[in-house]
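The values are calculated or read from the model by the stated rules, or taken from the named source; none is laboratory data. Just so it is clear, the structure is predicted and the values come from calculations on it, not from any experiment. Cβ sites come from the backbone with ideal geometry, for glycine too, and all protein chains shown count toward neighbours.
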Amino acid sequence: MQLLNKSEEKEEGQKLDSNSKLTMEEFAKISRERADSYHRYHIEALETRDYQALPNRFIVKVGKIGLAKLIISETFTYWGKWDVVFSRPCTYGVFSGPVGGFSPRPEKCVGCLRCTVQHPDFVTVEHNPKRKAMGDNYLNSKIISTIDEEARKGTVPVRGQGYRGRFGGPGWDGMFTDMSEIVRPSRDGIHGRELISTIVDIGSKPLSLKFDNDGNLISEGPRMFTIQVPFIYDAPPNEIISNKLAKIWKKSAENVDTLAILPSEIVLANNLASPSVVPIIPLNSLDCAKSFKSGTRMVELDGWDSKSYDRVVSDCPDIIVGVRLEFAQGWQQKLDEMMLSNVPVIHFVADNHGIGDGGRFIMDLLLEAHQKLLDAGFRDKVTLLNTGVIVAADHLPKAIICGLDAVGLNQPLLIAMQARLNGDLSSNDYGAKFPRKYTEDWAIQRIVNLTCSWRDQMLEILGAMGVREVRRLRGEIGRAMWCSHLEDEAFSDIDGYVGGGK
Amino acid sequence: MAMSKEPKKPSIDLINKTTHLMHDGMDAIAFGEFEIPPALGDARWTDELILSTWHMAATGKVPENLNYKTGDSNGGFDKLEFKYISEKDWIKNSDEIETGIPLNRRGDERAKLNPPIPIYGGGMSYGSVSVNVMMARAMNAKKWNTYMSTGEGGYPEELYQCKDHVITQVATGYFGVEERSIQAAPIVEFKYAQGAKPGLGGHLLASKAGEEVAKMRGSVPFVSLFSPFPFHSTYSVEDHSKHIDWIQTVNPNALISVKVSTPHDVDMVAVGSYYAGAHIIHLDGGFGGTGAAPEIAKKNIAMPIELAIPKVHKFLIKEGIRDKVTLIASGGIRTGDDIAKAIALGADGVVLGTSDLVAMGCTRCSNCEGGPSGRGCPWGLTTTDIELQEWIQQEWAIKRLDNYYTAIQWRIRDILSKLGLDDVKKLVGRTDLLKYLGGGN
């Protein structure tokens, strides 16, 4: 469009089509329309109540006799000064019920311990063993509690005081992300006034383009699409998945513009095919892939077999065909074969505790896979995903730094829905007890809230690093610091230090 | 935030009753008259560390039956131990061991500040804590002839009575920064970053930004305050140098401290800060305290102070400027032992924050940001709630801090004595006096 001045406007003197010069009035109108249609991506979080609240954090025990004595004593001592007599050693309402401390409300206790310090003779506050027993040693009660809060509020958990845990530690805890002291995007980016992108490309990009003498593209262009967040919703284990759960996965994915990966038979049975749904094609049921031609952007082959892959590609020429691959012995060879076959999306599936081939933690395996693709000059031609082992917001940027484009989530989504998991949580041999009578809308909002919270936490980390988009974080190991390396540097001249976390 | 009733200033009787119960309870538990509360403590601040701090704050002495030296984090300071010399060679009159440090090593015309302990108080803003807490820390600093920082929340009028011991902080939001408070300060501290939330700026939630706090900060009451990050006027060392020029023009006698967090290139940042004119490089490690920070930022961004100190110390030596600048460490320093270890790793001194609060009763429940009540700390520490802030009475709090610093100084001297050193300055960078405890991480 080109803008006319007033005199030119008069000369033209008539309504112009879209290819003609515009009057100021028309320009303003079009600009207004475009402004009105503007949409900046964001996730609508809404505080969403508990259906099946976690066990209380603390148990509050009050000795009835001690309390009665105190009340009698204070009533006499402060007779008439009722503000003093009725004051309670809790600002959170633990003793605010009709009979006060005779029937405390432990669900309100935050563990400040003022009551037990003021009255150590008859008030005790203990950690609730039921709360502590949730989950296992990886998906532990602290992580479950955090996910629960994130899914309820949809916000970034903010607390006072400093860090309370171990120095470094195993797995992701042994990795720190870096920050940029001075030269970095403003914190305004985190609050939406400047853009920090969390968009991820799913698919394959050619390393170069070819044109004929007339400038026409003669090579294949990118075969990819984008999603708005660097996480996808992966199918829960077969023991757990249901039609209702599949619909929740799908609608949640549509809500935040990401992908829900679901078994093909459930997708077909419930007519769930959609651009946001990625059906998993079993190797023994390749024909079902043909059913997903309309609207589906991607399918995943459940394991690597080159002939099966070629056949699905042939049956679904307009769909991106990815491959799920376990981080088990022999994965490197399969990765080589997949590169030869130009597989555009490789989706690793790890043990839920992150232990893979040779007992190595997923961090090492991801770094190796990423490096292998780099060495082969193949990295931009493939999207790397991984499911399992990502159960906290801080794992996400760390996994991306190790080479992933995006991560797959399933256990955290179940926790967001307040499911109580049981069985072996490290494998997929576990069950889940969901809240009774929960609704789809409730579950979707809980998942959306969790996604919003994790995305916002991702923005905090990206903001601190001075990285404006998550795609640039992929494989950026220069943006990470490993505790063991730093310890080697700091302590190597100290007697007794041997390194390697020993 | 829902509240059952509007808080109001408590009566004298209520203050007396509440504080009496709190203080008696703290002492009784710290002295072992009751069992240790089962829900107290965490890996960094164990139950025994908290109670030993209460014990020291009550008596001025280290406890006999509590571990007052280390936490249970299984790394960093908790894995380091001193290699003491034979007992017969210990320095006998340990009260004569020198614990003072000079803060101005540039050799310029500015103030020659020499606190008698290698410690000063870290920034806690008005808003994150009450005036009572600020005043207690400032009065204690005055008593010890050391310093405490305002944090980024302005300079309450009451503080001027301790102005020679109050560091004025200039942080990225410039909240409450005034010419008068800069001119009053012996040290002006630029806060580039904070260890608990590196790269994220300050954060005061709406419920704590009440009218008095907002007035001090020039903001709208009950609106959350986010300091930007970084300084919007600083994108290079040259810009940073202009900042320092500005302060030095306003107050030609003040020392300049530059507080930074601990990224990978913290050594380069330290050198840049020195050449821009800083007298003090203040490193704030990733385990530092905060009134409010995203949980993801704590520990996951930047490195712990134990790993940053030797990195910076060695680099400053390499650059030939180590003796021209004072290196101060903070962020997770809890005990006298931590202080001595930080110095042995290469710091000249340390800044304390959380341990001051623990001395005044903090149980590290992490509800400083407001908590479910929206009112802040139930102990009256990190709050400006009209009722809760009264639980900290200045006279009591000053005495607690004084006692605590007495015990800390004793412990530093105790360590120096057992190392055969008569001056804390001789401990700087002596990693040969440390040993690392094995056992796996």
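Structure summary
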read-out	value
Number of positions in the range B:186-227 that are in a loop (DSSP other than H, G, I, E, B), within 11 Å of another protein chain (Cβ to nearest Cβ) and surrounded by 18 or more Cβ atoms within 10 Å (Cβ to Cβ)	13
Any hit, the range B:104-126, residues being within 13 Å of another protein chain (Cβ to nearest Cβ), of a type in the set (Gly, Ala, Ser), touching a Phe, Trp or Tyr at 6+ places or on another chain (Cβ under 8 Å) and closer than 30 Å to B:Asp245 by Cβ	yes
Condition broken by A:Leu54, with the remaining ones in (1) farther than 30 Å from A:Ala253 by Cβ; (2) modelled with pLDDT of 95 or more; (3) of a type outside the set (S, T, N, Q) satisfied	(1)
Single unsatisfied condition, B:Asp356 versus (1) more than 15 Å from the chain's Cα centre (by Cα); (2) in a helix (DSSP H, G or I)	(1)
Close pairs (7 angstrom Cβ cut-off, 6 or more residues apart or separate chains): facing chain A (nearest Cβ under 7 Å) in the range B:33-46, part of a loop (DSSP other than H, G, I, E, B) and among the aromatic types (Phe, Trp, Tyr) anywhere	B:Arg44/A:Tyr163; B:Arg44/B:Phe287
Selection status of A:Gly189, within 20 Å of the chain's Cα centre (by Cα), modelled with pLDDT under 95 and at positive phi	no
Criterion (small (Gly, Ala, Ser) and surrounded by fewer than 19 Cβ atoms within 10 Å (Cβ to Cβ)) met by exactly one of A:Gly162, A:Gly169	A:Gly169
In the range B:246-300, the residues that are more than 7 Å from chain A (Cβ to nearest Cβ), among the hydrophobic types (A, V, I, L, M, F, W, C) and not in a helix (DSSP H, G or I)	B:Ala254, B:Leu255, B:Ile256, B:Val258, B:Ala278, B:Ile280, B:Ile281, B:Leu283
Subset tally (residues that are facing chain B (nearest Cβ under 9 Å), under 13 Å from A:Ile59 (Cβ atoms) and touching a helix residue (DSSP H, G or I) at 6+ places or on another chain (Cβ under 7 Å)) for the range A:120-133	2
Test: residue in the range B:225-245 that is within 19 Å of B:Thr168 (Cα to Cα), over 22 Å from the mean Cα position of the chain (by Cα) and among the basic types (Lys, Arg)	yes
Residue within the range A:463-486 that is of a type outside the set (D, E, K, R), within 14 Å of chain B (Cβ to nearest Cβ) and part of a loop (DSSP other than H, G, I, E, B) present	yes
Any hit, the range A:101-114, residues being of a type in the set (Gly, Ala, Ser), under 40 Å from the mean Cα position of the chain (by Cα), surrounded by 15 or more Cβ atoms within 10 Å (Cβ to Cβ) and more than 11 Å from chain B (Cβ to nearest Cβ)	no
B:Leu49 being of a type outside the set (S, T, N, Q) and either outside any loop (DSSP other than H, G, I, E, B) or under 19 Å from B:Ile412 (Cβ atoms) (or both)	yes
Selection count, the range B:382-420, where residues are surrounded by fewer than 21 Cβ atoms within 10 Å (Cβ to Cβ) and not in a helix (DSSP H, G or I)	4
Yes/no for A:Leu217 being assigned by TED's automatic domain parsing to the domain that holds A:Ala399, under 19 Å from A:Met339 (Cα atoms) and aliphatic (A, V, I, L, M)	no
Test for A:Ala490: is it at the interface with chain B (Cβ under 8 Å from one of its Cβ atoms) and touching a residue at least 40 places away in the same chain (Cβ under 8 Å)	no
Selection status of A:Val117, more than 7 Å from chain B (Cβ to nearest Cβ) and within 30 Å of A:Leu54 (Cβ to Cβ)	no
Members of the range A:416-448 found to be surrounded by 14 or more Cβ atoms within 10 Å (Cβ to Cβ) and part of a helix (DSSP H, G or I), listed by number	A:Ala416, A:Trp442, A:Ala443, A:Ile444, A:Gln445, A:Arg446, A:Ile447, A:Val448
Residue list for the range A:78-103, restricted to those being in a loop (DSSP other than H, G, I, E, B) and charged (D, E, K, R)	A:Lys81, A:Arg88
Residue that is surrounded by the fewest Cβ atoms within 10 Å (Cβ to Cβ) [pool: residues in the range B:307-339 that are small (Gly, Ala, Ser) and more than 14 Å from chain A (Cβ to nearest Cβ)]	B:Gly320
Complete set of residues in the range B:228-243 that are in a helix (DSSP H, G or I) and either more than 14 Å from every other protein chain (Cβ to nearest Cβ) or farther than 30 Å from B:Asn114 by Cβ (or both)	B:Glu238, B:Asp239
Evaluation of A:Ile59 against (1) in contact with an Asp or Glu (Cβ under 6 Å, 6 or more places away or on another chain); (2) under 30 Å from A:Gln445 (Cβ atoms) (one fails), failing number	(2)
Index of the failed condition, B:Cys365 passing every other in (1) outside any helix (DSSP H, G or I); (2) out of contact with any Cys (no Cβ under 6 Å at 6 or more places or on another chain)	(2)
Among (1) out of contact with any Gly (no Cβ under 6 Å at 6 or more places or on another chain); (2) hydrophobic (A, V, I, L, M, F, W, C); (3) buried (at least 20 other Cβ atoms within 10 Å of the Cβ) - the single one B:Ile36 does not satisfy	(3)
So B:Pro304, is it of a type outside the set (Asp, Glu), within 17 Å of the chain's Cα centre (by Cα), at the interface with chain A (Cβ under 7 Å from one of its Cβ atoms) and surrounded by 23 or more Cβ atoms within 10 Å (Cβ to Cβ)	yes
Residue satisfying condition, being closer than 25 Å to B:Ala397 by Cα and in contact (Cβ under 8 Å) with a residue 12 or more places away in the chain, within set B:Tyr147, B:Tyr192	B:Tyr147
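Yes/no per residue for (1) of a type outside the set (Asp, Glu); (2) more than 28 Å from A:Gly431 (Cα to Cα); (3) out of contact with any Lys or Arg (no Cβ under 9 Å at 6 or more places or on another chain):
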| residue | (1), (2), (3) |
| --- | --- |
| A:Thr48 | yes, no, no |
| A:Ile65 | yes, yes, yes |
| A:Ile71 | yes, yes, yes |
| A:Tyr78 | yes, yes, no |
| A:Tyr92 | yes, yes, no |
| A:Phe122 | yes, yes, no |
| A:His127 | yes, no, no |
| A:Ser141 | yes, no, no |
